[in-house]
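A quick write-up on the structure given underneath.
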Amino acid sequence: MRSFTPSRSSLLMAPALVWLIALMVVPCVLVLALAFFRRGIYGGIDYTFTLENFGLVFDPLYAGIFLKSARIAGTATLIAVVIGYAAAYAIAAAPRRWQSVFLFFAVLPFWSNYLIRTYAWIVLLNRQGLITQLLRWLGYTGEPPSMLYTEGAVIAGLVYNYLPFVILACYAPLSRLNPELAEASRDLGASAMTTFRRVILPLTVPGIAAGAVFVFVLSIGNFVTPALLGGGRFQMIGNLVYDQFLTANDWPFGAALAMALIAIMLLVLTAQAIAANRASGRVEAAEGNANG
Amino acid sequence: MSEPRTLLAIDHVSKNFGRVTAVDGISLDIRENEFFALLGPSGCGKTTLLRMLAGFETPSDGRILLDGNDIARTPPNKRPVNLMFQSYALFPHMSVRANVSYGLEMERLPSAEIRSRVDAILATTELVPFADRKPEQLSGGQKQRVALARALVKRPRLLLLDEPLGALDKKLRGAMQLELKRLQHEVGITFVIVTHDQEESLVMADRMAVLRDGKLLQCDTPHAVYEHPADRFVADFIGVMNFVSGKASPDGVVAVNGARIAGRVPTALTPGASAVASVRPERVRLFPEAESANRTTGVVEALAYQGLDLQLHVRTPRSPKPFLVRVTADAADRRPVASGDHVELGWDAADVRIFAE
Amino acid sequence: MAERSPAARRTLWLVLSLVFAFLYIPIAVLVALSFNEGGLPTAWSGFSLKWYASLAGNSAILSAALNTLIVALVSTTIATLLGTLLAIGIEMRRQYGKGLEALIFAPMIIPDIVLAIALLSFFSMLNLTMGLHTIILAHVVFNLAFVCSVVRARLKSFDWSIVEASADLGASAMTTFRRVTLPVILPAVIAGALLAFTLSVDEFIIAFFTAGAGRASTTLPMQIYAMIRFGITPEINALATIVMAVSITALTLSQRLNRGMIGQ
Amino acid sequence: MTATSLRRRALRMPPIALGLAVALSAPAMATDLVISNWDGYMAPDAMASFKTATGVSGEVVVHATNEEIMGKLIAAGGKGYDVVFVSSPFAEVLNKLGLTEPMDHAKIPNLANLYPEATKLPHDVGNTFSVPYTWGTTGLCYRSDLVKTAPTSWSDLLAPSDELKGKTTMLATDRWLLAAGQLDKGFSVNETDPAKMAEVKDLLISAKKTLLAYDDTTFYSKLVSGEALMVQAWDGWCNYGIADKPEIKYVIPKEGSDLWVDTMVVMKASEHKDAAFQFVNFMLDAKNHAWAAQNIDYKVPNKPAMESLPADFLAKFPNMAMPVADLVKFEQLRDVGEAQRDYSKIVSEIKAAQ
């Protein structure tokens, strides 16, 4: 029994909550409100109510950019999850005393500056960059491959930047997994593959989902990576929002795009919550079907 | 009854982990349909031995013959041997039914057969009402039964149980000991149980092996192990024992303080060698008749009432430690003793075991 | 853990080696280039510290680093205070609404660009002059959420009866906090503060949008972004190396503290 | 490294000790004027000499692009800045938004140094709210040693020969990106007719397929390193490349160019307007402006300054010697008002295209 009065805990929470409401909730509501007005002729805001900004979000052009962003973010997520899960699995399988060391070094790059990490890829990928030098050194004399300013470069940058988080998110449930569960499955006649598919994977879905959501949400709203590694040739939603605010001076439309971004994010988070909650249920339903 | 057939032969099996030898040249035969216990303190190698039988460890040396075939290198999923894990290792994301049918699905049996066999084993283990529950919704005893059902439903040639009752409270453990015996009888499968609880192995096992530091000390029926322990360690580990240290003499042991304890001296023990005499508390009589080979007097220091019997701690001149004496409640009623009473103790030379020290 | 076949073990080591190569080769290249006389990835032309020297002479970078430090220190201090109080306040209650949970969770997951433009619109609508102070206001928003979550994790295993014991022994609420609650959660508070500090130092997008005019509110990431936009310069390699070194130190420190926390 | 003219770089690298001192004192320094300019677009010691001349201290902050500073200015209502360097269409927008202070000619006697043509520029006839700082053309900057045939047309960039595929860049800024297409099609650089703009869009989308990147900050260093062989460039910025590698050449395609003008505007929100006008006047001083021309390699609309440039400098950067009469024949980019939204959308479509 905790004998605390609600008023005392409210008092403790108040400063932080006031801060969050004043500097997050109110500004976000404001942006939502902005989306209902028109752009002034020379930028700025013309305070006449309109829904056209939301209509414009569904314009094939912008909807297409949303889809493309989702595709790039989705590809980056998939790759990061596959690599990150494999790495987390390998770390969790390492001797105990090594695990924290490996984990430390897996997460370390995450704490260096994002821009610097992205910049490293410019150094590696540009036509006079390290990979070209390496090819030359290996005796390749032809045209240096064009790797920077491609969709692949953008995806590589996103995967590189967010991989450590996926490793961390996947490692948590893997390391908590009772090793006897996998042994029990083997003991009951399952192959290593079946054990992975039916026991280990379903029990680590929450970690995968958390990692995947993180990569996806951060990737789809990213504008730095496409700007630096995409050479301006790739428009993602983040760039679009950035452009509306800092280039086109169309704040209302930028606001509508930002709201659409939030909507996507909420959708993804809901999906994650459902995946995490039903991870077990879903697996079982699948088993039920398989058994007829 | 004909001579029981050997099901599993453990033949000079050793296991090294780096420089540590966990199992050191153990040879054992486990017979068809018996309830066999591997007993020993923690770190004795019993779990490693069990895991080698299950296939999770490969012996560094030696053979494991099941029906005459060496299975030492067969992966766990290819052996007709199942393990009931200490933690039960129930799949938390599957219902009881799904847990139990998992192993049969791996055999790719027709679903109708899976269903009927699962139903049958759920009935045997009295789990039908819980079939759709998740492991987290079960009590400890129910989980244990699910783990058992999951292993039994595969109809293994050999069922291995790793400390199966370790997680249960004392009362439930007693009930489950009998339950396991009943089930083993009913399904007719050979059980090998690992335990550090000597009482448990005495109650349940048909035969038992006592291990220490990776070596096999004794393998026999519980009665034989209890009454004729192979060495001092076994004598001490199984049940309760009074020990008196001294030197061996032709007809017994001369204690450090000069007191003599009569008993049969093993031939291997030369007179004058360090030896220890031992006697079980229930073999010591209070107020003995005159013909007892060993007699002594002492003062009752403490009494512990244990329901069926009474345990006395008696301070005697024979040994530095108090002597333990077990008296039935009936006997105690007839002739009450209290703390501080002077008593006389006596026991037969035949009840004394003498070991090298 | 079960024995693994040599093949399985080899595969796991291979996976680890590849992942670590992927993670560290780009960074290693930057570090190596920072000591390369020519500063070009084309050839090694000799060891040199001249890029560090030119970095030390770059007043724009130095003032940006100073600004970053100010923003990170101030926002971390405020966020640690508010976030810790918030965490205690929440964990004291036995129940709280989903709305509250969402409000606290939101700053950690809301896309940076959205929070950035929201704050930009907000500040400009209030006609507020932007500068370091607006960056600090903004950074506290996400920093306090992270501090709060770290401290809450610690409080989940906090035995509240010791607070009652302290009160029973005659301590006031303040004394109890100072002598009992705070010492127990202190490692988590410090770990949270370090996390907030690192995030703040690294943060670019929100700072970029909420910064005011001029060098007075240019932070290091903004400066790095400008440098990258203006082309590859070897000074960035030197800067990257220094930033990496600082991060390793900070992370090692926070790991130590976390271990201490688990040890308690 | 390869990137910039070593000269410019050297200028930006004061001795370490001095740098440290500046850095440490910077936050404490009472800054009177805040000037926003492109990086390296004025003398690094301009503020120091300005202070010596007038006693007013000031700070220069840099912006990478027009868009970046416009966003900041509009967001903050121009607060925090005194004098801002932006290209003429952006100056027009600032004026229309009421963010600019009218130029007080009485306080800028050096306006007399401007070429007569520079006082009658269509975007601001009579220099009412802006004063031109540099001007020039937008054309093609290329590696004469690596390109087989010298380009003569915008089509050489938009539909490049095979050797150039994947080795060209275009300016990322909306207006100049579109201008390349508009000029190639023979349209006005301020064309707003939807049908014509649709043609421009299709042309630029097809041009994107052969493009290395959109780049308006590092295109010349890509030329120097050989990453790119031909880029759309402003003449002065091409000169940075020429300074590093004389094989780099600049050409105005036969379809023509725009006349771009980078201007200085004084913000209405400025709290130091007199000092701001003093600064504008200082920059227009013949000697200072000539220094700018020689060191940033851009043409300046300052008659005595241009006439003082040495012959070898003009020989090295041929586009510096272009007669003013030829220059002003080109059309200026103008603010297109409502059509800006269509422009933005077209640029989005181009950048989103595969």
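The values are calculated or read from the model by the stated rules, or taken from the named source; none is laboratory data. Because the structure is a prediction, the values reported are computed rather than measured. Cβ placement follows ideal geometry from the backbone for every residue including glycine, while neighbour counts extend to all protein chains displayed. Accessible surface areas use protein heavy atoms only, side chains included; no ligands, DNA or RNA. Shrake-Rupley method; radii C 1.70, N 1.55, O 1.52, S 1.80 Å.
Brief remarks on what is shown
- For segment A:62-79, putting each phi into the Karplus relation 6.51 cos²θ - 1.76 cosθ + 1.60 with θ = phi - 60° gives couplings of 6, 4, x, 5, 4, 4, 5, 4, 4, 5, 5, 4, x, 5, 4, 4, 4, 5 Hz, in residue order, rounded to whole numbers and with x for Gly and Pro.
- With both labels modelled 7 Å from their Cα along Cα-to-Cβ, the residue B:63 to residue C:125 distance reads 8.5 nm.
- Contact order relative to length of segment D:160-236, as percent, for alpha carbon pairs under 8 angstrom and 6 or more apart: 48 percent
- Cα centroid separation, segment B:308-325 to segment D:180-220 (Å): 106 Å
- Length released on extending from residue B:330 to residue B:350, taking residue separation times 0.36 nm less the Cα-Cα span: 4.7 nm
- When both segment A:161-181 and segment D:106-126 are represented by their alpha-carbon centers, they are found 68 Å apart.
- Shape category assigned to chain A from the gyration tensor of Cα positions, a/c cut at 1.5: oblate
- Fraction of accessible area attributable to carbon and sulfur, segment B:240-356 (%, probe 1.4 Å): 55 percent
- Protein-only accessible surface order, largest first, of C:13, D:135, D:291, A:121 at 1.4 Å: C:13, D:291, A:121, D:135
- With the charge dipole of segment B:6-227 set up from +1 on Lys and Arg Cβ and -1 on Asp and Glu Cβ about the Cα centre, the Cα lying farthest toward the positive end among the listed residues B:23, B:103, B:43 is that of B:103.
- Cross-link partners of residue B:134 among lysines (Cα-Cα below 16 Å; sequence separation of 8 or more within a chain): B:143
- The label point for residue C:175 and the one for residue B:42, both projected 7 Å from the Cα toward the Cβ, are 4.2 nm apart.
- Note: relative contact order over chain D, using C-alpha pairs below 8 Å and six or more positions apart, is 27 percent.
- Residues with amide H under 5 Å from that of residue B:33, placed H, sequence gap 5 or more: B:190
- Listed residues B:238, A:274 arranged by accessible area, highest first, probe 1.4 Å: A:274, B:238
- Dipole magnitude of segment B:6-227, debye to nearest 20 (Cβ charges: Lys/Arg +1, Asp/Glu -1, about Cα centre): 600 debye
- Positive end of the dipole of the protein assembly as shown (Cβ unit charges, origin at the Cα centre): among C:12, C:165, B:311, the Cα lying farthest that way belongs to B:311.
- Database note for the protein assembly as shown: Cys without another Cys beta carbon under 4.7 angstrom, A:28, A:170, B:44, B:219, C:148.
- Cα pair distances in chain D, grouped into 20 Å bins until the bin that holds the longest one, percent each: 30, 59, 11, 0
- The charge dipole of segment B:118-204, taken about the Cα centre with unit charges on the Cβ atoms of Lys, Arg (+1) and Asp, Glu (-1), comes to about 200 debye, rounded to the nearest 20.
- Using a Förster distance of 45 Å, the FRET efficiency for residue D:45-residue D:161 (Cβ separation, nearest 0.05): 0.50
- Taken one residue at a time, the phi angles of segment B:73-84 give Karplus couplings (6.51, -1.76, 1.60, θ = phi - 60°) of 10, 7, x, x, 6, 10, 10, x, 10, 10, 10, 9 Hz. Gly and Pro are set to x.
- Net charge dipole size for the protein assembly as shown [Lys, Arg +1 and Asp, Glu -1 on Cβ; Debye, nearest 20]: 1900 debye
- In this structure, the residue pairs whose Cα-Cα separation is over 27 Å, taken from D:120/D:245; B:247/B:321; D:196/D:222; D:196/D:254; D:185/D:345, are D:120/D:245; D:196/D:222.
- Which of B:12, D:289 is most accessible, then next, and so on - probe 1.4 Å: B:12, D:289
- Reported to the nearest whole Å, the Cα centre-to-centre distance from segment B:169-202 to segment B:83-135 is 20.
- Sparse-neighbourhood loop sites, GluC sites (Glu not before Pro) in segment C:86-182 - DSSP loop, at most 13 other Cβ within 10 angstrom: none
- Packing rank of D:83-94, C:149-160, where each peptide gets the mean count of other beta carbons within 10 Å, highest leading: D:83-94, C:149-160
- The residue among C:205, C:53, C:151 whose Cα reaches farthest toward the positive pole of the charge dipole of chain C, with charges on the beta-carbon of Lys, Arg, Asp and Glu, is C:151.
- Sequentially through segment D:316-326, phi angles give Karplus couplings (6.51, -1.76, 1.60; θ = phi - 60°) of 5, 10, x, 5, 5, 8, 4, x, 4, 4, 5 Hz, Gly and Pro residues having no value and appearing as x.
- Listing of segment C:120-153 residues, each with accessible area lower by at least 20 Å² in the full protein assembly than in the chain alone (probe 1.4 Å): C:120, C:121, C:122, C:124, C:125, C:127, C:129, C:130, C:137, C:141, C:144
- Relative contact order (%) - segment C:76-159, alpha-carbon pairs under 8 angstrom, separation at least six: 66 percent
- Qualifying GluC sites (Glu not before Pro) in segment B:85-122, DSSP loop, other Cβ atoms within 10 Å at most 16: B:107
- Overall form of chain C per C-alpha gyration tensor (a/c, 1.5; a/b vs b/c): oblate
- Stokes-Einstein diffusion for segment B:6-227 at 4 °C, viscosity 1.567 mPa s, with a Kirkwood radius from C-alpha pairs, works out to 73 µm²/s.
- Where A meets C: accessible area buried, both sides, 1.4 Å probe, Å²: 7800 Å²
- Atom-type composition of the exposed protein surface of chain D places 57 percent of the accessible area on carbon and sulfur (1.4 angstrom probe).
- Beta bridges per DSSP with both ends in the protein assembly as shown, % antiparallel, nearest 5: 70 percent
- Long hydrophobic helices in chain C, taken as whole DSSP H segments with a C-alpha length of 27 Å or more on their own axis and mean Kyte-Doolittle hydropathy at least 1.0: C:6-34, C:59-92, C:132-156, C:182-202.
- The modelled label-to-label distance for the pair residue B:221/residue B:287, using points 7 Å beyond Cα in the direction of Cβ, is 3.5 nm.
- Taking amide hydrogens as placed 1.01 Å from N in the peptide plane, the amide H of residue D:259 sits under 5 Å from those of D:331, D:332, D:333, each at least 5 positions away in sequence or on another chain.
- Applying both filters, DSSP loop and at most 12 other Cβ atoms within 10 Å, to the chymotrypsin sites (Phe, Trp or Tyr not before Pro) of segment A:14-113 gives A:47, A:49, A:58.
- Modelled FRET efficiency - R0 56 Å, residue C:98 with residue A:101, Cβ distances, 0.05 increments: 0.90
- Entry comment: accessible area of the protein assembly as shown is 40 Å² per residue, from protein heavy atoms only and a probe of 1.4 Å.
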